[in-house]
Amino acid sequence: MKRVGQRVRVAGFSLVELMIVLAILAILVAIAYPFYGQYKVQADRSDATATLLDTWMALERCFIQEMSYQACTDEVPELSERGLYELEIETDADGFRLTATPAPGSPQEADEACTEFTLDHRGERGSAPGAAEVCWGD
């Protein structure tokens, strides 16, 4: 039973405390979000590199059977595994060159450091405009 004149202790947060917490969270999000976007673009480069390597291996297997890279162009998909890159192949009598470029409308179009990935029949990696070591993650 309450006594008259006894103060009731109220538990909880005040509006000022909640506003301070929200301000701190907003600052953290404002700092972290641009870094997250940058790392996501870099991580999504693996879609191009993995697809190029998988296609390279499929072309080598086909070459063993057909003895010609030109007979193996059906092994090249139009898009990367996650659809972020378009793939193209150039073949001649001696070899091939695979090229991956960002698909229209994909978030990888914002990746200005690595707009093109290449891989040839010798396994030589390339990229443009950035260095192959950076773009391929070596």
Cα-based helix-to-principal-axis angle, 15-66 vs the chain, degrees rounded to 10: 20 degrees
Global size of the chain as Cα Rg and Dmax, reported in angstrom: 26.9, 100
Positive-pole candidate from Ala131, Ala43, Tyr69, dipole of the chain, charges at beta carbon: Ala43
Label zone at Leu53 (point 7 Å along Cα-to-Cβ), backbone N below 15 Å, the range 119-138: 119-120, 123-126, 133-138
MRE, 222 nm, helices only [DSSP H, n ≥ 4, -39500 (n - 2.57), over the chain, to nearest 500]: -14500 deg cm²/dmol
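No value in this document is a laboratory result; all are computed from the given coordinates. Everything quoted here is computed from the prediction, not taken from an experiment. Heads up, the Cβs are rebuilt from the backbone with ideal geometry, glycines too, and the neighbour counts pull from every protein chain shown.
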